[in-house]
1. Based on what the data block shows, is residue 207 surrounded by fewer than 21 Cβ atoms within 10 Å (Cβ to Cβ), modelled with pLDDT of 95 or more and under 23 Å from residue 150 (Cα atoms)?
2. Filter segment 50-66 down to the residues that are surrounded by 16 or more Cβ atoms within 10 Å (Cβ to Cβ) and assigned to a loop (DSSP other than H, G, I, E, B) and list them by number.
3. Identify all residues within segment 99-115 that are more than 13 Å from residue 74 (Cβ to Cβ) and at pLDDT below 95; write none if there are none.
4. Only one of 165, 147, 252 is part of a loop (DSSP other than H, G, I, E, B), at pLDDT 95 or above and on the phi < 0 side of the Ramachandran plot. Can you tell me which?
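The values are calculated or read from the model by the stated rules, or taken from the named source; none is laboratory data. Since this is a predicted model, take the numbers as computed values, not measurements. Cβ atoms come from the backbone with ideal geometry, glycine included; neighbour counts cover every protein chain shown.
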């Protein structure tokens, strides 16, 4: 990499845990809508981690919230689970957010089916922040993902992003750049003498959800010859690439676009112009001569 300015500095977006104390919606009958004939009363519902793909927490406070109290969710929030060890005055549930838009957790008496309270929350399109560096200079860009067009692809990508205790993608490389086409990452780390060292995927291959166009700034999953072979590797289009679309140039499958860069595309453009060479061990061309690695990655909403 030359000494020209690479990866212009961008302000880092901090990941924020969303905690929403929400006013109760009107309940069915009774003064204030939170009282129950059996003595149960809901005074407040607090919701946290309202993010696609995340485990949302719901805390209900009040009085006499015993075993007969249950929670359901209008909308796609799966695996609703009551947290063990909560008290009669504060009960907690979790569920996994699987959709965008409005979700409505509802608290009911499981015996009488009477609703004691509910809240509305809105799930925004997920965003991921990535910081890349060549060892001396770094830059950050932000991608917004599209789980409506590619739900399984987004869920898979976020699972790799949010791997604990450290993201799967942290310290992986942008291992290949093709000028005026795209930058590729998510499958290699830096081995001896700057050689590519494969990083094994930890999740099974996913179904192909191709359909969106591979336009400049979009993010797509990389795959092998089989249409359903994508795992962790992805690429960012730095130009319009119709050859990657479904049915283009004799490729009936295409590559699945699942998001787009909304901030910092200039950082991606700079990665796309770094000097490259050939990795003999992996038989890969377009490998940056100076490794470009992901030093930070997180879901920021």
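1. yes
2. Selection gives 50, 51, 52, 53, 54, 65.
3. 109, 110, 111, 112, 113, 114
4. On the way: 165 fails: at pLDDT 95 or above; 252 fails: at pLDDT 95 or above.
On inspection, the qualifying residue turns out to be 147.
A quick yes/no check of all residues on (1) under 21 Å from residue 244 (Cβ atoms); (2) surrounded by fewer than 21 Cβ atoms within 10 Å (Cβ to Cβ); (3) assigned by TED's automatic domain parsing to the domain that holds residue 295; (4) in contact with a helix residue (DSSP H, G or I) (Cβ under 9 Å, 6 or more places away or on another chain):
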{"position": "145", "(1), (2), (3), (4)": "yes, no, yes, yes"}
{"position": "164", "(1), (2), (3), (4)": "no, yes, yes, no"}
{"position": "171", "(1), (2), (3), (4)": "no, yes, yes, no"}
{"position": "175", "(1), (2), (3), (4)": "yes, no, yes, no"}
{"position": "179", "(1), (2), (3), (4)": "yes, yes, yes, no"}
